[in-house]
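The structure under discussion appears below in the form of structure tokens.
The values are calculated or read from the model by the stated rules, or taken from the named source; none is laboratory data. Only a predicted model underlies this, so the values are computations on that prediction, with no experimental measurement involved. For neighbour counting, all protein chains shown are included, and Cβ atoms are generated from backbone atoms with ideal geometry for every residue, glycine included. Accessible surface areas use protein heavy atoms only, side chains included; no ligands, DNA or RNA. Shrake-Rupley method; radii C 1.70, N 1.55, O 1.52, S 1.80 Å.
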Amino acid sequence: MAELVLAIDQGTTGTTVLVIDARGRVKTRAYREIRQFYPQPGWVEHDPEELYRSVVAASKKALLAARARASDVRAIGLANQRETFVVWERKSGRPVHRAIVWQCRRSAAICEELREREAEVTERTGLIIDPYFSGTKLKWLLDSEPRLLPRALRGELCFGTIDSWLTFKLSRGAEFVTDFTNASRTMLLNLERREWDDTMLEMLGVPREMLPRLVGSRGPIVEAVAGTIGERAIPIGAIIGDQQSALYGQGAVAAGEGKTTYGTGAFLLMHTGDRRVLSRNRLLSSVALGPEGEPAYALEGSIFIAGAAIQWLRDELGLIKRASESAAMARRSKNTDVYLVPAFVGLGAPHWDSDARGAIVGLTRGANRDDLVRAALHSIAYQVLDVVAAMEADLGEKLNVFRADGGATANPYLMQFQADLLERPVTVARIADTTALGAGLLAGLAVGLWRSADELETLRKAGKVFKPKMSADERERLLAGWHSAVAQVLTMQDANNRG
């Protein structure tokens, strides 16, 4: 019997599944894209059933490509987009609404009403008040559809992030759980005690009866029953939020180690061990994992639009056919004075302005599509630099090791520009799908495929290193233009709010 792990990453724009063998090698990879629904400006939704179907289909495709059967799989590791949530009927398993995605800003008005309590929210949850997190959007849903609250109070409805939804579906309702990494992004979890917080439940009007049971990321937790992914049941050995999974996959499991994941958004996490860091620069405290999967803490900066800016160029503007074209187009551009501020759903860290909207600054008659593609790639690196600066200010030290993973790390132009802006080397993960890898490694550890965290270290290998080349003068000139463009966006939004 083969010794395999099925590593699943259910992300914002698609589901990735890896088949990993006992030596930590990726045997096959499968992918299914997810439809995005935009019912109003700033609103983003998914079809929950499509999310589940994508996991099953991609898993079956990956196993078929690996010429493997369910009996060859020791465990499933599941990573997921964190703040996106579903509300469904406990008895039937049917969703009562589309999944509301982490990018969605529909609860902005609720956040403004709660703004004066932000210090209390941060103390309890490690988060700031922003539509990014599940809690205020759950309040919006319960307020908008009054029929739901009585049902929730009777225990008829389940609220869960995508890990809860998928494990419920895969187990055919046998378990209703969430792990601490996902729970820490709902604005409902007390970060110190790692339990649901009564004050936050009251503040947001959320009945405890609709909440999942809290569990650790490392299991085994439940089984994907026969007839879902395979002909036999498969233990789910780990469930974990995508960014914490990438942190674990990169081997950043001790204080002072961190990573940046370049996906739909970009996410920087710095492990802080058993010490919770209270940010002075509007970063977030969150749950991370230690070497064996035990709970720890991390400092996080979240950028809403990274790879999504390139998708926008492809899908909405039609400037490119494939994301892979962007590197060559950026190199052809002769104009570095065009700036894209991709505040399509507001600005994340360190600004946290949910009302900000995107802008292109510095256009001239001679600007062309190559310039816009270059500006989009540059915007990713600029936003990452701003979060790095905030993180260094909080920690009081320079982040000398910069690890990168995620789909956009395949773009050599972007990685080189990032190294130039940071003025330090950028080390790219050998396996770009580090999010799926982290969940897979943790699941394999949980079922004994790997005996210890030390053994996992032998499986992790770094990839290419990009070293800075840009002159200091050019870097400062570019940064000045970027910060001017961001300031114009924020000033414009302030004027709109006053108007």
Do we have Ala246 as of a type outside the set (Val, Ile, Thr), part of a helix (DSSP H, G or I) and open to solvent by less than 10 Å² (accessible area, probe 1.4 Å) here? yes
Return the residue satisfying two criteria in turn: it lies in the range 99-112 and is in contact (Cβ under 8 Å) with a residue 40 or more places away in the chain and in a helix (DSSP H, G or I), and of such residues it is most open to solvent (accessible area, probe 1.4 Å). Ala108
Quick check: anything in the range 113-130 farther than 28 Å from Leu269 by Cα and hydrophobic (A, V, I, L, M, F, W, C)? no
Residue check, Ile34 buried (at least 17 other Cβ atoms within 10 Å of the Cβ), under 16 Å from Ala57 (Cα atoms) and at pLDDT below 95: yes
Among what's in the range 334-370 and is closer than 24 Å to Arg477 by Cβ, in contact with an Asp or Glu (Cβ under 9 Å, 6 or more places away or on another chain) and of a type outside the set (A, V, I, L, M, F, W, C), pick the residue that is surrounded by the most Cβ atoms within 10 Å (Cβ to Cβ). Pro350
Leading residue by the ranking (nearest to the chain's Cα centre (by Cα)) among those in the range 165-210 that are closer than 14 Å to Lys139 by Cβ and among the aliphatic types (A, V, I, L, M): Met187
The range 477-499 residues that are within 11 Å of Gly358 (Cα to Cα), paired with ones that are assigned to a helix (DSSP H, G or I) and modelled with pLDDT under 75 (beta carbon under 7 Å, 6 or more apart): none
Within the range 287-335, residues farther than 30 Å from Trp450 by Cα and touching a Gly at 6+ places or on another chain (Cβ under 8 Å) come out as Gly301, Ser302, Ile303, Phe304, Ile305, Ala306, Gly307, Ala308, Ala323, Asn335
Pairs only if they're at least six apart or on different chains, beta carbon under 8 angstrom, first in the range 203-221 and in contact (Cβ under 8 Å) with a residue 40 or more places away in the chain, second among the aromatic types (Phe, Trp, Tyr) and not in a loop (DSSP other than H, G, I, E, B); list them, first residue then second. Val206/Phe159; Met210/Phe159; Leu211/Phe159; Leu211/Trp196; Pro212/Phe159; Gly216/Phe180; Ser217/Phe180
Report every pair of residues separated by at least 6 positions or lying on different chains whose Cβ atoms are under 7 Å apart, first residue within the range 275-286 and closer than 11 Å to Ile128 by Cα, second assigned to a strand (DSSP E or B) and at pLDDT below 90. Leu284/Ser302
Among residues of the range 256-269 being out of contact with any Phe, Trp or Tyr (no Cβ under 9 Å at 6 or more places or on another chain) and open to solvent by 10 Å² or more (accessible area, probe 1.4 Å), the residue modelled with the highest pLDDT is Phe267
Among the residues of the range 83-95, write down those that are open to solvent by 30 Å² or more (accessible area, probe 1.4 Å), touching a residue at least 40 places away in the same chain (Cβ under 8 Å) and assigned to a loop (DSSP other than H, G, I, E, B). Arg90, Lys91
Might you let me know whether the range 174-186 holds any residue that is of a type in the set (Asp, Glu) and within 23 Å of Glu231 (Cβ to Cβ)? yes
Whichever residue in the range 117-132 is touching a strand residue (DSSP E or B) at 6+ places or on another chain (Cβ under 9 Å) and closer than 22 Å to Phe304 by Cα and, among such residues, is most open to solvent (accessible area, probe 1.4 Å): Thr122
Could you identify the single residue in Leu313, Leu319, Leu299 that is open to solvent by less than 60 Å² (accessible area, probe 1.4 Å), among the aliphatic types (A, V, I, L, M) and in a loop (DSSP other than H, G, I, E, B)? Leu319
Kindly establish whether Arg451 is over 23 Å from the mean Cα position of the chain (by Cα) and farther than 27 Å from Ser471 by Cβ. yes
Condition check for Phe402: open to solvent by less than 30 Å² (accessible area, probe 1.4 Å) and modelled with pLDDT under 90: yes
Which residues, counting only those in the range 50-65, are in contact (Cβ under 8 Å) with a residue 12 or more places away in the chain and either farther than 30 Å from Thr136 by Cβ or touching a strand residue (DSSP E or B) at 6+ places or on another chain (Cβ under 7 Å) (or both)? Leu51, Ser54, Val55, Val56, Ala57, Ala58, Ser59, Lys60, Lys61, Ala62, Leu63, Ala65
Given the criteria hydrophobic (A, V, I, L, M, F, W, C) and in a strand (DSSP E or B), does Val486 qualify? no
Those residues of the range 371-399 which are among the charged types (D, E, K, R) and either within 23 Å of the chain's Cα centre (by Cα) or buried (at least 22 other Cβ atoms within 10 Å of the Cβ) (or both) amount to Asp371, Arg374, Asp386, Glu392, Asp394
Screening Ala2, Ala62, Ala66 for residues that are open to solvent by less than 10 Å² (accessible area, probe 1.4 Å), within 22 Å of Leu449 (Cα to Cα) and out of contact with any Pro (no Cβ under 8 Å at 6 or more places or on another chain) leaves only Ala62
Can you tell me which residues in the range 37-49 are touching a residue at least 12 places away in the same chain (Cβ under 8 Å), over 19 Å from the mean Cα position of the chain (by Cα) and surrounded by fewer than 16 Cβ atoms within 10 Å (Cβ to Cβ)? Gln40
